[in-house]
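Have a look at the structure below before the remarks.
The values are calculated or read from the model by the stated rules, or taken from the named source; none is laboratory data. Quantities reported herein were computed from a predicted structural model and do not represent experimental measurements. Glycine also receives a Cβ, built like all others from the backbone with ideal geometry; neighbour counts cover every protein chain displayed. Ligands, DNA and RNA are excluded from the accessible area calculation, which covers all protein heavy atoms including side chains. Shrake-Rupley method; radii C 1.70, N 1.55, O 1.52, S 1.80 Å.
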Amino acid sequence: MSESDTQTLSPSAAPAKHGRRTGARERRDPNAKPTGPAYIKRVIPTYDIMGEESLLKIEATADRILAEVGLDIRDDDETLAMFKKSGAKVDGMRVRFEPGHLREILKTAPKEFTQHARNPAHSVQIGGNNVVFAPSYGSPFVMDLDRGRRYGTLEDFQNFVKLTYNTPWLHHSGGTVCEPTDIPVNKRHLDMVYAHMRFSDKAYMGSITSQERAEDSIEMSRLLFGREFVDQNCVILGNVNVNSPLLWDGTITKSARAYARANQAAVIVPFILGGAMGPVTNAGAIAQAHAETMVGCAMTQLERPGAPVIYGNFLSSMSLRSGSPTFGTPEPAIGSMVVGQLARRLNLPLRCAGSFTTSKLPDGQAMQESVMSMLSAIHCGANFILHSAGFLDGLLSMSYEKFMMDADFCGALHSYIGGVSVDDNSLAMSAFQEVTPGGHYLGSSHTMANYTTAFYDSTISDDTPFESWTEAGESDSAKRANKRWKQSLADYAAPTMDPALDESIRDYMERKKASMPDQWY
């Protein structure tokens, strides 16, 4: 199982800063398209739960795994040769590393980098104290209240790109937001990358399912941004999964190296279901993931020292009674906190957790599990949070309603991550002087000056009196979200693109498609 089955910002797109309630909206026009920051500047600190002694034990266990057991690299002689040249012990496809070997290689990786968007106001900063939200990734099915669960199509894919573009609380267009199963497997990557380019002007991800498809994604990006610019700047990400346990498949290693070779960022992600692809115990699974991720990140640095790379992690659990995967459970959530500490010790940007759930509907279970997992991403210090919106059915389904509910929660997180502002206005001394003891602050000058920005105003939650809610039809969150995504698509207007540029990208796609027969599996 896998997920794949610094630019100057305009004032309106500036990252969230201390004292600015970027989650607040103007209540008086609920249909107005709100604006948000290009990304979030974290004000609250990370939550480091593990002490130095325990962290050293986990790192030492990862070192022992790499030195004593090793890791296999299958069907990629070039990667094996690179590691052997670096000093690793290579025996067939088994590679072993002495303690400290990979950490030394990783010193060339940048701690922070910019991923440029075609609209500079939407470029994102990844690493450091920055947080970037992206939608869910990789689901073969889509779901909504009207038509139920079905295979995803290109129209669904384009819809989610448009919804993400319209959503101010998602900073990144994402990648395979759902599989467009009505397009041949060997050609759909072209349509997906083009959809991100044409229907949005936010940063995006490319294909990783083969080296050729990765290189197509990069080449299309060169057409969009210019070859020289792409050689010097990151404009596209590739999300690559380890074949846990302790196996890197050549299809994925070649794709990761293609991104690194072009100076683009690979997101290195073990996908460990505890009890299946790793131990059931948290510490053991974390140590395994740390070992696998370091190997993948080091591979990119051997390919091109200094290439941007993201330390990724996807811890999850399983039902030991049925063998079914479970998501949004407490053990992976608290494990993510430790993963954050390990990534910071390597000085690498982090992708971790997201709005995970095993629920089959956008219901209370879905949001309970998603909030637990998403908050772990916030507190562990994740910089790039894939699966921020839409994740349902254990990653098998991308839900229109869940997307809107999650995106709304991401809006609330903008305020949460912004912390508590302390300045003359927020201390509100003028309000205390105006309102007498026992008085009311609602009509005070301070309230009137701050009422449009003081609190995050959800577009999904209902805060009306019970009687008003009853008279309006007693709708629940999913029904309200259903109306919201339909309205958002109705309101969508595509960002402008130079017609000649658009034609050159479409011409590349058409020539690539014409060069090969359709493959459907």
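Look at residue 283 and say whether it is surrounded by fewer than 18 Cβ atoms within 10 Å (Cβ to Cβ) and on the phi < 0 side of the Ramachandran plot.
On the way: surrounded by fewer than 18 Cβ atoms within 10 Å (Cβ to Cβ): yes; on the phi < 0 side of the Ramachandran plot: yes.
Considered against the rule, which asks whether it is surrounded by fewer than 18 Cβ atoms within 10 Å (Cβ to Cβ) and on the phi < 0 side of the Ramachandran plot, residue 283 comes out as yes.
Looking at segment 41-67, which of the residues that are of a type in the set (A, V, I, L, M, F, W, C) and either touching a His at 6+ places or on another chain (Cβ under 6 Å) or modelled with pLDDT under 95 (or both) is most open to solvent (accessible area, probe 1.4 Å)?
Looking only at segment 41-67, we keep the residues that are of a type in the set (A, V, I, L, M, F, W, C), and these are 43-44, 49-50, 55-56, 58, 60, 62, 65-67.
Narrowing further to those that are either touching a His at 6+ places or on another chain (Cβ under 6 Å) or modelled with pLDDT under 95 (or both): 43, 62.
Values: 43: 54, 62: 0 Å².
Filtering first and then ranking leaves 43.
Look at segment 198-214 and say how many of its residues are within 18 Å of the chain's Cα centre (by Cα), closer than 23 Å to residue 515 by Cα and open to solvent by less than 10 Å² (accessible area, probe 1.4 Å).
Of the residues in segment 198-214, 2 are within 18 Å of the chain's Cα centre (by Cα), closer than 23 Å to residue 515 by Cα and open to solvent by less than 10 Å² (accessible area, probe 1.4 Å).
Considering only segment 401-418, I want to know if a residue exists there that is out of contact with any helix residue (DSSP H, G or I) (no Cβ under 8 Å at 6 or more places or on another chain), open to solvent by 10 Å² or more (accessible area, probe 1.4 Å) and outside any helix (DSSP H, G or I).
no
Report, by residue number, each residue of segment 419-440 that is closer than 30 Å to residue 42 by Cβ, in a loop (DSSP other than H, G, I, E, B) and open to solvent by 80 Å² or more (accessible area, probe 1.4 Å).
420, 422
Residues that are farther than 28 Å from residue 500 by Cα and in contact with a Phe, Trp or Tyr (Cβ under 7 Å, 6 or more places away or on another chain): find the strands (runs of 3 or more DSSP E) completely inside segment 182-285 holding 3 or more of those. If you could, list the steps in order and put the result at the bottom.
Details: elements: 236-242, 247-249, 265-273.
Counting at least 3 such residues, we get 236-242, 265-273.
Would you call residue 295 open to solvent by less than 10 Å² (accessible area, probe 1.4 Å) and either assigned to a helix (DSSP H, G or I) or in contact with an Asp or Glu (Cβ under 6 Å, 6 or more places away or on another chain) (or both)?
Numbers: open to solvent by less than 10 Å² (accessible area, probe 1.4 Å): yes; either assigned to a helix (DSSP H, G or I) or in contact with an Asp or Glu (Cβ under 6 Å, 6 or more places away or on another chain) (or both): yes.
Answer is yes for this residue.
Each row is one residue, and each column tells you yes or no for (1) farther than 28 Å from residue 200 by Cα; (2) touching a strand residue (DSSP E or B) at 6+ places or on another chain (Cβ under 9 Å); (3) open to solvent by less than 70 Å² (accessible area, probe 1.4 Å); (4) part of a loop (DSSP other than H, G, I, E, B).
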{"residue": "454", "(1), (2), (3), (4)": "yes, yes, yes, yes"}
{"residue": "467", "(1), (2), (3), (4)": "yes, no, no, no"}
{"residue": "475", "(1), (2), (3), (4)": "yes, no, yes, yes"}
{"residue": "487", "(1), (2), (3), (4)": "no, no, no, no"}
{"residue": "501", "(1), (2), (3), (4)": "no, no, yes, no"}
{"residue": "505", "(1), (2), (3), (4)": "no, no, yes, no"}
{"residue": "508", "(1), (2), (3), (4)": "no, no, yes, no"}
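Exactly one condition in (1) open to solvent by less than 10 Å² (accessible area, probe 1.4 Å); (2) of a type in the set (Val, Ile, Thr); (3) at pLDDT below 95 is false for residue 326; which is it?
All conditions pass for residue 326, except number (1).
Take the residues in segment 334-390 that are assigned to a loop (DSSP other than H, G, I, E, B) and hydrophobic (A, V, I, L, M, F, W, C); name whichever of them is nearest to residue 51 (Cα to Cα).
Taking segment 334-390 and keeping what is assigned to a loop (DSSP other than H, G, I, E, B), we get 346-349, 353-363, 381-383, 386-390.
From the residues that got through so far, the ones that are hydrophobic (A, V, I, L, M, F, W, C) too are 346, 348, 353, 356, 361, 382, 386, 389.
Details: 346: 16, 348: 20, 353: 21, 356: 27, 361: 39, 382: 19, 386: 28, 389: 32 Å.
In this case the residue turns out to be 346.
Let me confirm something: among 449, 481, 472, 514, which residue is among the hydrophobic types (A, V, I, L, M, F, W, C) and modelled with pLDDT under 95?
On the way: 449 fails: modelled with pLDDT under 95; 481 fails: modelled with pLDDT under 95; 514 fails: modelled with pLDDT under 95.
472 is the lone residue from the list that is among the hydrophobic types (A, V, I, L, M, F, W, C) and modelled with pLDDT under 95.
For segment 299-306, state whether one or more residues are open to solvent by 10 Å² or more (accessible area, probe 1.4 Å) and among the hydrophobic types (A, V, I, L, M, F, W, C).
Restricting attention to segment 299-306, the residues satisfying the condition of being open to solvent by 10 Å² or more (accessible area, probe 1.4 Å) are 302-306.
From the residues that got through so far, the ones that are among the hydrophobic types (A, V, I, L, M, F, W, C) too are 302.
Taking every residue of segment 299-306 in turn, at least one turns out to be open to solvent by 10 Å² or more (accessible area, probe 1.4 Å) and among the hydrophobic types (A, V, I, L, M, F, W, C).
Is it the case that segment 11-19 has a residue that's at pLDDT 95 or above, surrounded by 20 or more Cβ atoms within 10 Å (Cβ to Cβ) and in contact with a Pro (Cβ under 6 Å, 6 or more places away or on another chain)? Quick ask: steps written out before the conclusion?
From segment 11-19, those at pLDDT 95 or above are none; that's our starting set.
No, because not a single residue in segment 11-19 is at pLDDT 95 or above, surrounded by 20 or more Cβ atoms within 10 Å (Cβ to Cβ) and in contact with a Pro (Cβ under 6 Å, 6 or more places away or on another chain).
Can you find a residue in segment 125-134 that is closer than 29 Å to residue 343 by Cα, at pLDDT 95 or above and open to solvent by 20 Å² or more (accessible area, probe 1.4 Å)? Before the answer, list the steps.
First pass over segment 125-134, keeping only residues closer than 29 Å to residue 343 by Cα: 125-134.
Then keep just the ones that are at pLDDT 95 or above; that gives 125-134.
Those still in the list that are open to solvent by 20 Å² or more (accessible area, probe 1.4 Å) too: 128-129.
There is at least one residue in segment 125-134 that is closer than 29 Å to residue 343 by Cα, at pLDDT 95 or above and open to solvent by 20 Å² or more (accessible area, probe 1.4 Å).
Quick check on this structure: which one of 242, 269 is buried (at least 24 other Cβ atoms within 10 Å of the Cβ), touching a Lys or Arg at 6+ places or on another chain (Cβ under 8 Å), under 23 Å from residue 356 (Cα atoms) and not basic (Lys, Arg)?
Matching residue, one of 242, 269: 269.
On the basis of being more than 22 Å from residue 206 (Cβ to Cβ) and surrounded by 24 or more Cβ atoms within 10 Å (Cβ to Cβ), does residue 339 make the cut? Spell out how you get there, then give the answer.
Values: more than 22 Å from residue 206 (Cβ to Cβ): yes; surrounded by 24 or more Cβ atoms within 10 Å (Cβ to Cβ): yes.
Answer is yes for this residue.
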